[in-house]
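Colleague: First the structure, then my questions, so here it is.
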């Protein structure tokens, strides 16, 4: 005889019903074993298979893998470094001294393994950007991206046995005209040629133009500004007049070839005039920038402590690094503004002709 499972629903009069006990009885006598009431059959539920069929799972995995491969191919793989920049392009130090070079990676969200090299480890060694001077000489430090050696930056190192002070300093890009958004890397020429002073750059109005520690001028808005280059030890200084004028520069488009040489600055400095108006005269205690001895906008940059002008009834004395901008006649100051080496105004001077 076939047996069928059932359950009694006589809850008030049957303990088996109250406990929901399943009973397996003969199909011809389908009644509760305790109370004799008719049982209710229990239907067997078919077990459902869990998950998707294996062919569908395999097919989905293949499609996902192909999608990843396509993304990798059409996007060129993982993001690549486009540019490296060092915070210093030149370093002068003595044997046993150390310097650190900091590198900026562009785009800044890209991770890269960098390789550092020295052209002469007998002169300068490098490890993870830390330079150690060994002996007098010159060496070039190079940092590049592993497996992308064309993406690199360099720093020229000079190791000297003793300090050689600068006697003169002259900014080469003077005067200079930029448009808002334009930029120009300034350079200086110092004497003697074997001098080894570091150059400190500053701007007397950073709302118009700023200058980086490397001498890169960034024009911000229309106006005129003085860019000052000063030697670190002796405080000898020179200034360059930068005029920011015209419409803003159009944004530069990034080149698709990362290995291509950098484009020339979008703003081109004006050529120095053939007339002596932008000349330079070494007076020993100071350098005069302009047309000596007569100039309506000349600049006197003092190399050492010295009286500003022998005709000044107040006998005002400028310190090394101070400078005066104003009108000059026959080698004497008529009127002008006196600036300190920190580019702050010390006062106005009116002497007259």
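Colleague: May I ask you to list the residues in region 168-209 that are under 19 Å from the mean Cα position of the chain (by Cα) and more than 24 Å from residue 324 (Cβ to Cβ)?
Modeller: Result: 181, 182, 183, 184, 185.
Colleague: Right, here's the next one. One residue is enough: does region 141-164 have a residue meeting the conditions closer than 30 Å to residue 288 by Cβ and surrounded by fewer than 17 Cβ atoms within 10 Å (Cβ to Cβ)?
Modeller: Yes; the residues of region 141-164 include at least one that is closer than 30 Å to residue 288 by Cβ and surrounded by fewer than 17 Cβ atoms within 10 Å (Cβ to Cβ).
Colleague: Still on this structure, please answer the following. Looking at residue 92, is it within 24 Å of residue 215 (Cβ to Cβ), surrounded by 15 or more Cβ atoms within 10 Å (Cβ to Cβ) and modelled with pLDDT under 95?
Modeller: yes
Colleague: Then there is this: Take the conditions without any contact (Cβ under 8 Å) to a residue 60 or more places away in the chain and farther than 27 Å from residue 244 by Cα and apply them to residue 160. Does it pass?
Modeller: no
Colleague: Tell me, which residue of region 59-89 that is surrounded by 11 or more Cβ atoms within 10 Å (Cβ to Cβ) and more than 19 Å from residue 151 (Cα to Cα) is modelled with the highest pLDDT?
Modeller: Filtering region 59-89 for residues that are surrounded by 11 or more Cβ atoms within 10 Å (Cβ to Cβ) and more than 19 Å from residue 151 (Cα to Cα), the one modelled with the highest pLDDT comes out as 60.
Colleague: Only one of 180, 175 is in contact with a helix residue (DSSP H, G or I) (Cβ under 7 Å, 6 or more places away or on another chain) and surrounded by 14 or more Cβ atoms within 10 Å (Cβ to Cβ); which?
Modeller: The match here is 175.
Colleague: Also: Which of (1) in a strand (DSSP E or B); (2) under 27 Å from residue 285 (Cα atoms) does residue 217 not meet, given it meets every other one?
Modeller: Every condition holds for residue 217 apart from (2).
Colleague: Of all residues in region 98-113 being surrounded by 13 or more Cβ atoms within 10 Å (Cβ to Cβ) and under 28 Å from residue 136 (Cβ atoms), which is nearest to the chain's Cα centre (by Cα)?
Modeller: Selected residue: 103.
Colleague: Considering only region 184-197, state which residues are surrounded by 18 or more Cβ atoms within 10 Å (Cβ to Cβ) and either under 15 Å from residue 209 (Cα atoms) or without any contact (Cβ under 8 Å) to a residue 40 or more places away in the chain (or both).
Modeller: 184, 186, 195
Colleague: Taking the stated definitions as given, is residue 207 in a strand (DSSP E or B), out of contact with any helix residue (DSSP H, G or I) (no Cβ under 9 Å at 6 or more places or on another chain), modelled with pLDDT of 90 or more and farther than 30 Å from residue 145 by Cα?
Modeller: Answer is no for this residue.
Colleague: Would you point out the residue of region 220-248, among those that are over 25 Å from the mean Cα position of the chain (by Cα) and assigned to a loop (DSSP other than H, G, I, E, B), that is surrounded by the fewest Cβ atoms within 10 Å (Cβ to Cβ)?
Modeller: Filtering first and then ranking leaves 247.
The values are calculated or read from the model by the stated rules, or taken from the named source; none is laboratory data. Everything quoted here is computed from the prediction, not taken from an experiment. Note: ideal-geometry Cβ built from the backbone for every residue, glycine included; neighbour counts use all protein chains shown.
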